[in-house]
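This report refers to the structure that appears directly beneath it.
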Amino acid sequence: MKRDFLSVTDFTADEIRENLELAIEVKAKTKEGKSPNVLNGGAGALIFHKPSLRTRCSFEVGFRQLGGSAVYITDKEIELGKRESIHDVAKVMSRYFAAICIRTFSHDNVVALARHADIPVVNMLTDLLHPCQLMGDMQTILEHKGTIDNLTVTYLGDGNNLTNSWMRMAQRIPMNLRIGTARDTMPSEEILKETQEAGISQVTVLHDPVAAVKDTDVIYTDVWASMGQKDQAGDKAAKLAAFQVNAALVSHAKKDAVVMHCLPAERGREITDEVIDGPQSVVFDEAENRLHAQKAVLIKLLG
Ligand code: CP
Ligand code: NVA
């Protein structure tokens with residue numbers, strides 16, 4: 001049976017752990033100029049309905065390093081469900097490609113695409129989730145902390161697709177997940193409830209940023225206004241000002257805490273230059289690890 005990667009919960013906890021180990025191995029091999037030839041000349045479809053630097057480049061390079069190629073497709077070629085049905089798009093693409101990777105607005109459309117496709121579908125970001133980012137982030141944590149278990153992880157800022165993805169990760173890997181956000185910038189209530197019910201991790205929402213970062217191991221932030229919501233930027237900035245990741249706030253975390261950001265960053269808004277360019281920041285390791293973590297996911301799916 002073909003498998004998809006639409007949420008980190010599509011993998012079991014063991015599969016996540018194995019995949020992170022594989023990503024670290026693939027990273028080392030790539031640096032020696034030895035990547036596994038999984039694609040054997042096959043191609044990946046990269047459908048983008050939103051902009052991207054990291055995701056587009058890391059997937060294109062990743063497909064090449066795995067012995068294949070990638071085709072970049074925009075809404076000029078495919079507007080899901082408009083020029084033709086999602087069913088027909090899925091069936092046609094399944095005849096050309098080894099995998100379909102997609103970044104779009106509606107998560108439901110990606111679920112429908114995966115349902116109809118005969119090949120693996122990978123979520124490259126929807127309004128709901130960004131699972132590939134989380135795999136690169138967990139690889140980065142493993143490299144810097146030597147473990148992914150039982151850490152305190154503080155997500156600060158807008159309750160968005162990254163917050164939801166952290167909660168989904170907390171349904172698999174035990175952590176003390178603290179979400180520091182304003183009262184009306186909360187993440188998905190449904191995902192929060194399912195995470196609390198999963199009973200793997202402790203997940204707490206705090207509206208006090210200092211309490212949220214106190215003695216934490218990982219501080220994570222993201223833009224306050226996501227793609228498709230840029231018109232709300234002023235409003236979100238007013239609500240989230242207290243959650244800016246700056247030196248004063250970071251000083252409440254553990255001395256060896258790492259600071260993470262999926263990027264792109266709006267420097268001076270959700271994070272200051274001093275912190276993002278400072279010694280605790282691992283943001284460019286995260287960006288690099290997207291490449292290797294995604295190759296590990298593709299190796300798993302394409303087997
Ligand atoms: N972090 C991330 O997904 O970056 P892009 O939007 O540039 O792909
Ligand atoms: N939350 C951000 C993540 C960008 C990688 C967005 O959806 O725009």
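For the stretch 213-253, filtering for residues that are polar (S, T, N, Q) and over 20 Å from W166 (Cα atoms) leaves 4. Looking across the stretch 89-105 at every residue that is more than 18 Å from K2 (Cβ to Cβ) and out of contact with any Gly (no Cβ under 9 Å at 6 or more places or on another chain), the one that is surrounded by the fewest Cβ atoms within 10 Å (Cβ to Cβ) is identified as T104. Checked against (1) within 26 Å of M167 (Cβ to Cβ); (2) surrounded by 15 or more Cβ atoms within 10 Å (Cβ to Cβ); (3) more than 15 Å from ligand 1 (Cβ to nearest atom), G146 passes all but a single condition, namely (2). Considering every residue within the stretch 230-239, establish whether at least one is within 22 Å of I141 (Cα to Cα) and more than 17 Å from the chain's Cα centre (by Cα). Checked the stretch 230-239: no residue is within 22 Å of I141 (Cα to Cα) and more than 17 Å from the chain's Cα centre (by Cα).
Give the residues of the stretch 143-165 that are in contact (Cβ under 8 Å) with a residue 60 or more places away in the chain and in a helix (DSSP H, G or I), sorted by residue number. Break it down into steps so the answer makes sense when it comes.
Going through the stretch 143-165, the residues in contact (Cβ under 8 Å) with a residue 60 or more places away in the chain turn out to be 143-145, 148, 151-158, 160-162, 165.
Result: E143, H144, K145, N161, L162, S165.
Exactly one residue among M175, M186, M167 is under 15 Å from the mean Cα position of the chain (by Cα) and either at pLDDT 95 or above or more than 14 Å from L240 (Cβ to Cβ) (or both), and that residue is M167. Identify, from the list V282, V259, V297, V213, the residue that is more than 30 Å from V122 (Cβ to Cβ), of a type outside the set (D, E) and in contact (Cβ under 8 Å) with a residue 40 or more places away in the chain. The match here is V213.
Output yes when any residue across the stretch 269-277 is among the polar types (S, T, N, Q) and under 21 Å from I102 (Cβ atoms), and no when none is. No, because not a single residue in the stretch 269-277 is among the polar types (S, T, N, Q) and under 21 Å from I102 (Cβ atoms).
Among the residues of the stretch 232-250, just one is under 14 Å from D184 (Cβ atoms) and touching a strand residue (DSSP E or B) at 6+ places or on another chain (Cβ under 6 Å), namely F243.
Taking the criterion of being more than 22 Å from M227 (Cα to Cα) and in a strand (DSSP E or B), the only residue of the stretch 268-292 that qualifies is S281. Scanning the stretch 8-60 for residues that are open to solvent by less than 40 Å² (accessible area, probe 1.4 Å) and charged (D, E, K, R), we see that the one that is nearest to ligand 1 (Cβ to nearest atom) is K50. Evaluating V110 against the criteria (1) more than 16 Å from ligand 2 (Cβ to nearest atom); (2) under 18 Å from the mean Cα position of the chain (by Cα); (3) buried (at least 17 other Cβ atoms within 10 Å of the Cβ) leaves one unmet condition, (1). Screening A265, A237 for residues that are out of contact with any Gly (no Cβ under 7 Å at 6 or more places or on another chain) and either part of a strand (DSSP E or B) or within 13 Å of ligand 1 (Cβ to nearest atom) (or both) leaves exactly one candidate, A265.
Restricting to the stretch 248-264, what's the tally of residues that are within 15 Å of ligand 2 (Cβ to nearest atom) and surrounded by 18 or more Cβ atoms within 10 Å (Cβ to Cβ)?
Residues flagged as within 15 Å of ligand 2 (Cβ to nearest atom) and surrounded by 18 or more Cβ atoms within 10 Å (Cβ to Cβ) within the stretch 248-264 amount to 3.
The values are calculated or read from the model by the stated rules, or taken from the named source; none is laboratory data. This structure is a prediction, so every number in the text was calculated from the model and none was measured. Methodologically, a virtual Cβ is constructed for each residue, glycine included, from the backbone with ideal geometry; neighbour enumeration extends over all protein chains shown. We work out accessible area using only protein heavy atoms, side chains counted, and drop any ligands, DNA or RNA first. Shrake-Rupley method; radii C 1.70, N 1.55, O 1.52, S 1.80 Å.
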